[in-house]
């Protein structure tokens, strides 16, 4: 507390000798002021000062407030990033997918908030498919009845070199790597007692079946160095390494290439008054040595459920009728005279939309994107039941109220990149928003 003190000296009219103190009278007065009162008046003064400044220069004040809010948001994002930067994440989940964390004996249901770390087990059921992105941008797609273990997922804080290693215990996985951000980065996959190190921009399929004692890796793009004991092979495009546990070494094979897709082209839009009666023609390029083809069409980008599953002898085209309105993916494999089937082609996506007499735009809101290395987390809201496409990737994590969350594939280069978000509602109305992203 503070006290205001006043001394009042009362004296007689005739001067007296100072030593006679009994003729003097002293009066003391004080007023108590609390800290709260002082703080209140300080805040009131600051408020009045800010109000005067705002009235004099409102645009200047608004600009400074926007800068302050942007700084706080950026600081919050940077604060959150280190804890997430080295985590692997699910970017697509379809069907039953479970996770067992580290040394725990309990399996939990996987969701998009489940981060994956060293020692975690991921398992898909007979109806389950999962897509995971790791710290270096490597994508893993787990097929049904698969089990993998995360052995490494880290980044060196000094050199920025990444190391990702996954053990495929059983089942089949597709994996693809992007550009490595630093020298010394490693992306490895092991199965049975073999290990494969993949190069940049590589794609491979690993299958491991302990019951049938069949283990193989097939390279679709790029290259992979495969080691088993004292044996090692460098695989190029459309080469395969196989082995069984009863025999030493590795066996190299050349596999048939998948066909290149022709029509409908990727991201094609087909508008029809009655989609169910519309004939959709599919065509692809012939593959040397192929005697038959396998056409697959699915509403899921992971082909977890098929609406068309057709084997076609000697032709490179087929027509489909009776598809419901919606978004579809399609891919084709080729089979040679030995009965060996190629890997699936890179899928194309097409939209089948009912024609509507409407010029309205679909509702779409997009929040500020969050950057995780070269992967961008995009969240927003659209109309319930709408379809959202982000950089040609369909968003599967859309809630009943229209809110969505999506992790993009790794962006191709540092510097400025563009994210394109498109929403399409049930009426066929669309809306597109572009976001510029800077990757350091």
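Rule-based calculations on the coordinates, nothing more; no lab input. This structure is a prediction, so every number in the text was calculated from the model and none was measured. Positions of Cβ are generated from backbone atoms using ideal geometry, with glycine treated the same way; all protein chains shown enter the neighbour counts.
The residues 107, 284, when put in order of fewest to most other Cβ atoms within 10 Å, stand as 107, 284. Residue order for 338, 234, fewest other beta carbons within 10 angstrom first, comes to 338, 234.
Sorted ascending by nearby beta carbons within 10 Å, beginning with the fewest, 238, 140 become 238, 140.
Across all directions, the average flat footprint of the convex hull enclosing the Cα atoms of the range 334-440 is 9.6 nm².
The distance separating the Cα centre of the range 344-393 from that of the range 213-282 comes to 28 Å. Judged by the gyration tensor of its Cα atoms, with axes a ≥ b ≥ c, the range 89-254 is oblate; a/c meets the 1.5 cut and b/c is at least as large as a/b. Stretching the chain fully between residue 370 and residue 44 yields a gain of 113.5 nm (0.36 nm per residue, less the alpha carbon separation).
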